[in-house]
Amino acid sequence: MSGNLFVISAPSGAGKSTIIKALKERIEGLGYSISHTSRKPRGNENDGIDYHFLKKETFRSMIDAGAFVEWAQVYDDLYGTSFSSLDEQTASGLDVLLDLDTQGAKNIKKHFKNSVLIYVLPPSLDVLEKRLMARGTDDETVIKSRMKKTSNEIKQCVWYDYIIVNDDLEKAIKEAQAIILSVRCRTDQQAPIVKEMFDVSFP
């Protein structure tokens with residue numbers, strides 16, 4: 001049975017990375033899409049674990065060959081998700097988590113109609129701004145600019161399949177977990193197993 005694709009999107013500071021980390025630890029049979037990028041590794045990043053690091057010319061040749069489901073240029077660097085990285089995992093029956101922005105999520109849905117899109121929201125923009133300030137990684141000007149972009153980005157949540165408001169981290173993790181497990185229990189997902197075990201015919 002082929003695996004499912006679960007895309008999780010969120011504005012920076014909404015807790016997406018923490019939720020994804022928890023899901024990978026708590027749910028069996030859950031893969032993760034490792035993106036390709038043309039940027040150089042940072043710190044302790046490892047090829048094939050954090051990203052697939054490519055030379056820019058290699059990345060562009062893959063674009064020309066139609067190798068990417070979605071890709072984008074962020075400043076001077078290229079990022080993308082390849083068809084092969086998804087197909088290898090789903091073909092083995094793994095469900096795959098993807099950490100993507102709204103544009104990437106749209107492209108996944110375009111190519112994989114049964115993919116499940118989940119948007120994580122902060123409790124409010126004020127809370128989000130306080131979280132970003134508490135990180136201490138950006139100055140106030142950068143944060144204000146990011147908040148303006150976030151206000152527009154959040155409007156894209158309306159076409160996602162599910163929305164999670166992260167006002168309590170543990171609750172948000174359990175809600176994301178419930179979405180994945182409920183999809184696995186859908187009739188179309190269980191049909192091959194039920195048919196084999198009980199000789200049931202499905203319409």
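The values are calculated or read from the model by the stated rules, or taken from the named source; none is laboratory data. Computed from a prediction, not measured in an experiment: that's the story for all the values here. Every residue, glycine among them, receives a Cβ derived from its backbone with ideal geometry; neighbour counts consider all protein chains shown.
State which residue is nearest to ILE108 (Cα to Cα) when the search covers only region 141-164 and only residues that are part of a helix (DSSP H, G or I) and of a type in the set (A, V, I, L, M, F, W, C).
Restricting attention to region 141-164, the residues satisfying the condition of being part of a helix (DSSP H, G or I) are 141-159.
Pick out the ones that are also of a type in the set (A, V, I, L, M, F, W, C) and you get 142-143, 147, 154, 157-159.
Values: VAL142: 30, ILE143: 29, MET147: 26, ILE154: 18, CYS157: 15, VAL158: 16, TRP159: 13 Å.
Only one residue tops the list, namely TRP159.
Summed over region 6-42, the residues that are part of a helix (DSSP H, G or I) and of a type outside the set (Gly, Ala, Ser) give a count of 9. The residues listed here are ILE108, ILE27, ILE19; of these, the one that is among the β-branched types (Val, Ile, Thr), surrounded by 18 or more Cβ atoms within 10 Å (Cβ to Cβ), modelled with pLDDT of 95 or more and touching a helix residue (DSSP H, G or I) at 6+ places or on another chain (Cβ under 8 Å) is ILE19.
Might you check whether a residue that is more than 22 Å from GLY31 (Cα to Cα), of a type outside the set (Phe, Trp, Tyr), over 15 Å from the mean Cα position of the chain (by Cα) and surrounded by fewer than 13 Cβ atoms within 10 Å (Cβ to Cβ) occurs anywhere in region 78-87? Give the derivation first.
In the first step, residues of region 78-87 are kept if they are more than 22 Å from GLY31 (Cα to Cα); the result is 78.
Next, from what is left, pick out any that are of a type outside the set (Phe, Trp, Tyr): 78.
With the extra rule that they be over 15 Å from the mean Cα position of the chain (by Cα), the set shrinks to 78.
Then drop every residue that is not surrounded by fewer than 13 Cβ atoms within 10 Å (Cβ to Cβ), which leaves none.
Scanning region 78-87 turns up no residue that is more than 22 Å from GLY31 (Cα to Cα), of a type outside the set (Phe, Trp, Tyr), over 15 Å from the mean Cα position of the chain (by Cα) and surrounded by fewer than 13 Cβ atoms within 10 Å (Cβ to Cβ).
Quick check: anything in region 82-95 part of a strand (DSSP E or B), modelled with pLDDT of 95 or more and among the polar types (S, T, N, Q)? Looking through region 82-95, at least one residue is part of a strand (DSSP E or B), modelled with pLDDT of 95 or more and among the polar types (S, T, N, Q).
The residue pairs whose first member lies in region 174-203 and is modelled with pLDDT under 95, whose second member is assigned to a helix (DSSP H, G or I), and whose beta carbons are closer than 6 Å, counting only pairs six or more residues apart or on different chains, are VAL200/VAL194; PHE202/ALA191. Could you tell me which of the residues SER115, SER85, SER151 is in contact with a strand residue (DSSP E or B) (Cβ under 6 Å, 6 or more places away or on another chain), within 21 Å of LYS16 (Cβ to Cβ), of a type in the set (Gly, Ala, Ser) and in contact (Cβ under 8 Å) with a residue 24 or more places away in the chain? Of the residues listed, the single one that is in contact with a strand residue (DSSP E or B) (Cβ under 6 Å, 6 or more places away or on another chain), within 21 Å of LYS16 (Cβ to Cβ), of a type in the set (Gly, Ala, Ser) and in contact (Cβ under 8 Å) with a residue 24 or more places away in the chain is SER115.
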